[in-house]
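Student: Dropping a structure here in structure tokens format, bear with me for questions.
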Amino acid sequence: QQLGTVGQGPTMSDDAFYLRYYVGHKDGDFGGVEYMEFELCPNGRLRYANSARYKNAGMIKKEAFVSPGVLDQARRIIEESGIVEVDPSSWPQATDRKQELEIKMGKTHATFACAEIGSLLDIQKSNDPEGLKTFYYLTQDLKTFVFSLVSLHFRIRPIS
């Protein structure tokens with residue numbers, strides 16, 4: 001399905017869960033791409049990647065397996081946010097800076113994409129401030145959740 005749609009995921013079982021988040025932009029000075037991405041798979045695999053050119057930070061890639069309880073907590077965060085009820089069709093379109101969120105929970109497959117949100121002012125100026133605010137706070141919660149898992153598991157700082 002295209003980004004920005006909600007529908008039925010034909011290959012997912014009724015209790016399967018998948019989450020992917022990406023935020024990134026092209027670096028005009030160096031011609032590369034700076035991004036942060038994470039993914040939680042139904043088998044418990046957590047994959048995290050962060051590529052930054054700031055202070056020559058380079059690339060961080062980590063992978064671990066988490067318990068079913070961690071997957072349940074991620075699912076709860078998403079369900080309580082109400083994001084699957086949001087229609088992203090009027091959100092600011094991504095250009096060089098973008099964010100993407102993909103969620104599969106059971107038979108629901110929701111994908112969202114928009115321009116990178118720099119501040120709450122960007123949300124207030126948008127055509128759908130309530131929906132975009134839901135997206136913004138959910139992604140903040142998910143990033144905090146994943147950063148905590150990465151920090152605890154690898155004893156590193158996920159962001160330099």
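The values are calculated or read from the model by the stated rules, or taken from the named source; none is laboratory data. All of these numbers come straight from a predicted model, not from anything done at the bench. Quick reminder, even Gly has a Cβ in these numbers, built from the backbone with ideal geometry, and neighbours come from all protein chains shown. In case anyone asks, the SASA skips ligands and DNA or RNA and just uses the protein heavy atoms, side chains included. Shrake-Rupley method; radii C 1.70, N 1.55, O 1.52, S 1.80 Å.
Student: Determine whether the range 66-88 contains at least one residue that is in a strand (DSSP E or B) and at pLDDT below 95.
Tutor: no
Okay, residues lined up against (1) open to solvent by less than 30 Å² (accessible area, probe 1.4 Å); (2) over 22 Å from His25 (Cα atoms); (3) among the hydroxyl-bearing types (Ser, Thr, Tyr); (4) outside any helix (DSSP H, G or I):
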{"residue": "Met59", "(1), (2), (3), (4)": "no, no, no, yes"}
{"residue": "Ile123", "(1), (2), (3), (4)": "yes, no, no, no"}
{"residue": "Ser126", "(1), (2), (3), (4)": "yes, no, yes, yes"}
{"residue": "Lys133", "(1), (2), (3), (4)": "no, no, no, no"}
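Student: In addition: State whether one or more residues within the range 80-89 are over 15 Å from the mean Cα position of the chain (by Cα) and of a type in the set (A, V, I, L, M).
Tutor: Scanning the range 80-89, I find at least one residue that is over 15 Å from the mean Cα position of the chain (by Cα) and of a type in the set (A, V, I, L, M), so the answer is yes.
Student: Right, something else. Of all residues in the range 43-57, which are in a helix (DSSP H, G or I) and at pLDDT 90 or above? Let's see the steps before the verdict.
Tutor: First pass over the range 43-57, keeping only residues in a helix (DSSP H, G or I): 54-56.
Scanning the range 43-57 gives no hits.
Student: Which residues, counting only those in the range 93-120, are modelled with pLDDT of 90 or more, open to solvent by 40 Å² or more (accessible area, probe 1.4 Å) and either of a type in the set (S, T, N, Q) or touching a Ser or Thr at 6+ places or on another chain (Cβ under 6 Å) (or both)?
Tutor: Thr108
Student: Take Thr139 and tell me if it is over 21 Å from Glu39 (Cβ atoms), of a type in the set (S, T, N, Q) and either within 13 Å of the chain's Cα centre (by Cα) or not in a strand (DSSP E or B) (or both).
Tutor: Considered against the rule, which asks whether it is over 21 Å from Glu39 (Cβ atoms), of a type in the set (S, T, N, Q) and either within 13 Å of the chain's Cα centre (by Cα) or not in a strand (DSSP E or B) (or both), Thr139 comes out as no.
Student: Does Glu79 satisfy being in contact (Cβ under 8 Å) with a residue 24 or more places away in the chain and either farther than 22 Å from His153 by Cα or touching a Gly at 6+ places or on another chain (Cβ under 8 Å) (or both)?
Tutor: Judged against the criteria, Glu79 is a match.
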